[in-house]
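Before any comments, here is the structure.
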Amino acid sequence: MNALDGIRILDCSRVLAGPWCTQTLADLGADVVKIERPTGPRHPGGDDTRGWGPPFLQGRDGQDTAEAAYYLGANRNKRSVTCDISQPEGQALIREMAAKAHVFIENYKVGDMARYGLDYERLKAINPALVYCSITGFGQNGPYKDRPGYDYAIQGMGGLMSITGERDDLPGGGPQKVGVAVADLFTGMYATVAIQAALRHAERTGEGQYIDMALLDTQVAMLANLGANYLVRGQSEGKVPGRAGNAHANIVPYQVFEVAPGEDGSAQFIILAVGNDNQFAKFCEVAGRPELSQDERFARNPDRVRHRAVLVPMLEAVMKQRSKATWLNQLEAAKVPCGPINNLAEVFADPQVLARGMVTQWQHPMADRLSLVASPMKLSATPVRADMPPPLLGQHTQEALSDWIDLPSERLAELREKGIV
């Protein structure tokens, strides 16, 4: 049994924020039917990310398939149905499925679903308990509501790039985006939480509701402690948080330090993440500088933050005296938070990552072996699913339409002939 067994989700989203949400719900056991555009004369069909490569999945013949790694990483445990929602017959088909769904999710531009007759008010009329989730760049209201929303632009507009990257006064300074599309990913996760809350409400009352998720809202919420820093004191004092490289705005020492060079002479680094005064005292003992934790400038974290410019250069000199392995071993033994900076090859070879089962193996219709990053959710009674590899385009059209609305085979044949599915 899975936690969301019996929950039907009609997924009209594509690219990342929506599919990330529905993949999480599918992992938890929901029956997610992914609606994709049929192949046409001017479109290859399907979610755009199917073509966002290379890399592409290598087929049994050793050649690239049409399945991009990007798509594969966000669409496991779903079923794919092709349906042209721009056509009246396709819209009618979606309405029939929505009548049987618990959740409807879409990430079209504001107003598009209304033009297709698939907006919340019309679907609510045929399914009052439906949870309807819209994901857009800027939400359903406000001066930017009609703008398309892209993660990169949202990271800039939402302040993340103003606090990410090296300090402007140092080499390499300037705005940086995060290496993955975090505004999309966080919006997908917030949408997952909101949908499950709305499902709980629908179970109790029989009433569905509309969920309005916006990438910009999520990005602003993600500012977390730095957003609070500005609102609580910075706004009144005229202090705007800026880029701090690998340092932490509120904790010292909490950053990357260079250590002794490797055997080949290459630069080596570790993360030192001292979270409280007791850990700082332990670090000072390991570093052979116990007097630093007794110095009134450094004894307490607020003082270390205020005297960061004095303390950090002292620590930089100390850290360069030992090797990466020596520091990591000694600090871990003393229970001082620290860690290496791994590349992805090192991540997926890490014994802890392997022990936690964070790589799963799948048999794909076009390849005997497909490795994907696993879900991090580990539930003791209702573990996540790992039974359906990311689907081929339209792979489950007949199966899902039969399951959900008992579509007669002759009607399906007619829809296929017209290019609706």
Would you mind calculating the gained length between residue 332 and residue 310 on full extension (0.36 nm times residue separation, minus the Cα-Cα distance), in nm to one decimal? 5.4 nm
Which GluC sites (Glu not before Pro) from the range 170-256 combine a DSSP loop assignment with at most 11 other Cβ atoms within 10 Å? none
Residue by residue through the range 341-349, what is 3J(HN,Hα) from phi via Karplus (6.51 cos²θ - 1.76 cosθ + 1.60, θ = phi - 60°)? Round to whole Hz and write x for glycine and proline. 10, 8, 7, 5, 5, 5, 4, 7, 9
Can you give the % of DSSP beta bridges in the chain that are antiparallel, to the nearest 5? 40 percent
Would you kindly derive the ³J(HN,Hα) couplings of the range 48-54 from the backbone phi angles with the Karplus curve 6.51 cos²θ - 1.76 cosθ + 1.60 (θ = phi - 60°), listing them in order in whole Hz, with x for Gly and Pro? 4, 5, 4, x, 7, x, x
Among 61-72, 390-401, 36-47, 340-351, what's the highest-first ranking by average C-beta atoms within 10 angstrom per residue? 390-401, 61-72, 36-47, 340-351
When each of 124/418; 109/177; 78/100; 34/100 is checked by Cα-Cα distance, pairs over 19 Å: 124/418; 109/177
FRET efficiency estimate (nearest 0.05) - Cβ-Cβ, residue 416 to residue 249, R0 51 angstrom: 0.35
Per the Kirkwood definition applied to all pairs of different Cα atoms, how many angstroms is the hydrodynamic radius of the range 245-376? 16.8 Å
I'd like the carbon and sulfur percentage of the solvent accessible area for the chain, probe radius 1.4 Å, heavy atoms only, ligands and nucleic acids excluded. 53 percent
Rounded to the nearest 500, what is the 222 nm mean residue ellipticity of the chain from helices alone, with -39500 (n - 2.57) per DSSP H run of 4+ residues and division by all residues? -10000 deg cm²/dmol
When the chain is fully extended, how far beyond the present Cα-Cα distance does residue 201 get from residue 289, taking 0.36 nm per residue of separation? 26.0 nm
Classified through the alpha carbon gyration tensor (a ≥ b ≥ c as square roots of its eigenvalues; rounded if a/c is under 1.5, else prolate when a/b is larger than b/c, else oblate), the range 115-176 comes out prolate
Inter-label distance for residue 112 and residue 363, nm, one decimal - labels placed 7 Å from Cα along Cα-to-Cβ: 3.7 nm
Distance in nm between label sites at residue 189 and residue 267, each 7 Å beyond Cα in the beta-carbon direction? 3.0 nm
So which aspartates and glutamates pass the test for residue 282, namely a Cα distance under 16 Å, with those fewer than 8 places away in the same chain ruled out? 291, 295, 332
For the range 311-375 versus the range 247-262, the gap between their alpha-carbon centres in whole angstrom: 17 Å
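The values are calculated or read from the model by the stated rules, or taken from the named source; none is laboratory data. If you're wondering where the values come from, they're calculated on a predicted model, not measured in any experiment. Cβ coordinates were reconstructed from backbone atoms using ideal geometry, including for glycine residues, and neighbour counts include every protein chain displayed. Calculation scope for accessible area: heavy atoms of the full protein, side chains included, ligands and nucleic acids excluded. Shrake-Rupley method; radii C 1.70, N 1.55, O 1.52, S 1.80 Å.
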